[in-house]
Structures are given as structure tokens and as C-alpha cells.
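> Have a look at this one before I ask anything.
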Amino acid sequence: QACHLGSLPAGINKHGGGRNMKDFELGAIQERFADIVWAHEPIASGDLAKICEKELTWKRPTTYTVLRKLCEKGLLQNRDGIVVSLVSREEFYAAKSAQIIEDSYRGSLPSFVASFISKKNISAEEADEIQKMIDSFKKEG
């Protein structure tokens, strides 16, 4: 009923390589669905439908329609009734964050950080934690 892929789509690996975040743009409902899959994978499609019925009040056909769409996007795979992700939750959200910075701040991380910090008071502990992250990335890069 959903897509059945024998192998990974061309240009994709389990880590999302070869694809742009634009390929994985999801609406809020699709994102919630993906979160359910990430939390339970690997999961039988029938069990996924039951969870979606309980958590999202969806009927079974709605679950299979959304599953098919996310398989077509290359985010999920349904093989022999077992659903798994082709892109991890961490990679998806990291790419989504990078896309927001690209779209809203012309790719400038310092502009994003300045905008974020100007709207939120951060504690000394948070500032120290951020500085430690910056310092560790400087050493690695």
C-alpha cells in the first residue's frame, strides 16, 4: 500500500548525503509523523497506523498516504511492511536549521546568533556553554 523500495534512492545514503534540505521540506503534520517513525523505528506499518490513530486521530488510509509521500521524498522507507528512516532525526533537524539560517540570514551564522540572543536573555552558564562549543569547533576546524 505504501512505497516499497528495494534499495536506497539514487543520491541518498542513511546519513542524507547527496540531497538538499529543500528535498525534505515537510509540513507540521508530516514532521510530526516523521518524529513518530524516528521514535519507534524499525516499526511495522500496521503498528505505525495504530500509533497514528491514537496520537494523531488518523484513520489507516491517512497514515499510508503520508507514509507514501515521505517515502517518495526519500525520507522514509517501507520495505516488506517495515518502516525505517533513510535520514536520521538529528541530520534532518540540523539540515532544517541550516536552511533557516540560509533563507533568513543569507547564510550568516553570526547574524542568526545575534538575532537569537537579542531576543532572549541568556544566563552566564549558557554563554559559557556556547563559548565552549565555539572553542571546540575552532580546534576541530
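The values are calculated or read from the model by the stated rules, or taken from the named source; none is laboratory data. Only a predicted model underlies this, so the values are computations on that prediction, with no experimental measurement involved. With ideal geometry, Cβ positions are generated from the backbone for all residues, glycine too; neighbour counts draw on all protein chains shown. When the accessible area is computed, the model is the full protein with side chains, heavy atoms only, and any ligands, DNA or RNA have been set aside. Shrake-Rupley method; radii C 1.70, N 1.55, O 1.52, S 1.80 Å.
> Roll a 1.4 angstrom probe over the protein heavy atoms and tell me the percent of accessible area of region 56-141 that is carbon or sulfur.
Ligands and nucleic acids excluded, carbon and sulfur give 56 percent.
> Run the numbers for LYS138 and VAL113: contour at 0.36 nm per residue of separation, minus the present Cα-Cα distance, in nm. Each step should come with its number before you reach the end.
Details: separation 25, 0.36 × 25 = 9.00 nm, distance 1.66 nm.
Working it through step by step, the gained length comes to 7.3 nm.
> Can I ask one more? I'd like to check one number: the per residue accessible area of region 53-141, probe 1.4 Å, reported in Å² as a whole number.
70 Å²
> Evaluated at 37 °C with a viscosity of 0.692 mPa s, what Stokes-Einstein diffusion coefficient in µm²/s does region 36-141 have when Rh comes from the Kirkwood expression over alpha-carbon pairs?
In µm²/s, the coefficient rounds to 195.
> Separate question: Please identify the trypsin sites (Lys or Arg not before Pro) of region 95-131 that satisfy two criteria: DSSP loop assignment and at most 15 other Cβ atoms within 10 Å. Which are they?
Values: sites: LYS96, ARG106, LYS119, LYS120; in loops: ARG106, LYS119, LYS120.
Those that pass, being in a loop and sparsely packed, are ARG106, LYS119, LYS120.
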